[in-house]
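Chemist: First the structure, then my questions, so here it is.
Quick note: the coordinates plus some simple rules give every number you see, no bench work behind them. Bear in mind the structure is a predicted one, so any value in this text is a computation, not a measurement. Glycine gets a Cβ as well: all are built from the backbone with ideal geometry, and neighbour counts include every protein chain shown.
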Amino acid sequence: MELSLESLYEQALKLQPATFAVPLGKERIRGALKFKEATLGETVAFLRDFASLAKSNDFSEKELAKMLENTCVETASFLFSAGAPAEGWRQWCSLGSMCSYLAHDPAYSMQLAAISRMPMESDWGDSLRRAKLESYRNQAIQFVIFRPQGIHPPVTTPVDELDKHYEALLNALQPGDERELAESVHLIVRFWLNETSYGRFEPGIFPVFEPEINATVAALLAQGVRLKLDNTKVKTFLQAALE
């Protein structure tokens, strides 16, 4: 797929008509289904108006890419919450990833790509691998995602509790200590469970899945790392990565 704003918009237009027909099963996040018409209606309205926004010259390409990213991720988030099959919500998540790249946010782009199971072996993926990220946590996640390509570990130092959990995860990853890996994942998830109101759908709040740790776990599983996660709340929080 050509990585341009126009091509991504065309992909979203092609994907949108079938969205209302995506089968919705058991809610992953409580209360999502009652917002189906409103949420998917917003997707229709935005895509209908996007061409006019792009022609108005009132917004930069970066700003337009961010708008399209938001709509794609919000749509993915709703479909995930409302019980759509993984392929149904991941298509929108992958589009959001590419829009995020055009919006100059490589850290978020690679997280969404990992969650949506996108292959990152193209020139686009290589540019994400080489992206210079500032924070320790983003560098740690980048290292996990691109570890098979021989990327170097973080060059900065942890600055807070969450960074230190990621540092412990990387320290356990090198020798393949599965018990310590699982413990680090548990600690990161518990951090977010204490910081968020995960579990009930809120319109306009997206994505419902926390992208950093879901991307990390999705990448680890794709690389064949075994994670023994016994806590039900932790596994529920990681549904986007574990499916």
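Chemist: Compute the normalised compactness of region 136-242: alpha-carbon radius of gyration over 2.2 N^0.38 Å, N being the residue count.
Modeler: Values: Rg = 13.6 Å, N = 107, 2.2 N^0.38 = 13.0 Å.
Taking N as the residue count of region 136-242, the ratio is 1.04.
Chemist: Extending each Cα 7 Å along its Cβ direction at Asp230 and Lys55, get the distance between those two points in nm, one decimal.
Modeler: Modelled inter-label distance: 6.2 nm.
Chemist: Could you work out which residue, out of Glu178, Glu195, Glu210, moves most in a Gaussian network model of the chain, that is, has the largest mean-square fluctuation with Cα springs under 10 Å?
Modeler: Ranking Glu178, Glu195, Glu210 by mean-square fluctuation puts Glu195 first.
Chemist: Percent of Cα-Cα pairs per 10 Å bin, from 0 to the last occupied bin, for region 120-164, please list those.
Modeler: With 10 Å bins starting at 0, P(r) equals 29, 52, 17, 2.
Chemist: A further question on this structure: At 0.890 mPa s and 25 °C, plugging the Kirkwood radius over alpha-carbon pairs of region 1-92 into Stokes-Einstein gives what diffusion coefficient in µm²/s?
Modeler: Working: Rh = 13.7 Å.
Diffusion coefficient, whole number: 179 µm²/s.
Chemist: OK, next. If I take the Cα coordinates of the chain and project them onto the principal axes, what are the three extents in Å, biggest first?
Modeler: Result, largest extent first: 52, 38, 29 Å.
Chemist: Cut-off 10 angstrom, C-alpha nodes, Gaussian network model of the chain. Which of Thr71, Thr196, Thr43 fluctuates the most?
Modeler: Thr196
Chemist: List the lysines whose Cα sits under 28 Å from the Cα of Lys228, skipping any in the same chain fewer than 8 residues away.
Modeler: Here the lysines satisfying the reach criterion relative to Lys228 are Lys26, Lys164.
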